[in-house]
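Since every read-out is calculated from the coordinates, none of them should be taken as a lab result. Computed from a predicted structure; not experimentally measured. All Cβ positions, even for glycine, are placed from backbone atoms using ideal geometry, and neighbour counts span all protein chains on display.
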Amino acid sequence: MGDSSPGCSFLFIARILSAFYGTLALAVVLGIAMNFSSIEPIRALYWSAVSNGVVAVPVMAMMMLISINKRIMGRIPRLLMGKRPPPQGRHFVVGRIFKPMQRP
């Protein structure tokens, strides 16, 4: 159940859990506050999707730049450069299921 590694302590776990539950509590409080405000839920959902679409592109670009940077990633990119990793898990199963359905 617990991790007995030397770098993992109860205080570290408590700090992570307090951050998680604090974020969850903040989201609940904001949701309740939105319920009593004049903000329309569908309009808020629309604008959250728009902002997600705008923010997602630069975040993915930065993740790709970080993942190919050898100084940040160490030797991991060198192991995968030019090699296609073998299919694993659901990718292998989905590929086997849909391969016969492809047009010739």
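One table, with the values for the structure above:
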read-out: Potential extension, Trp47-Met60 segment - 0.36 nm per residue separation minus Cα distance; value: 2.7 nm
read-out: Stretchable slack from Leu11 to Asn69, in nm (0.36 nm times residue separation minus alpha-carbon distance); value: 17.5 nm
read-out: Distance in nm between pseudo-label sites at Ser37 and Ala25 (7 Å out along the Cβ direction from Cα); value: 2.1
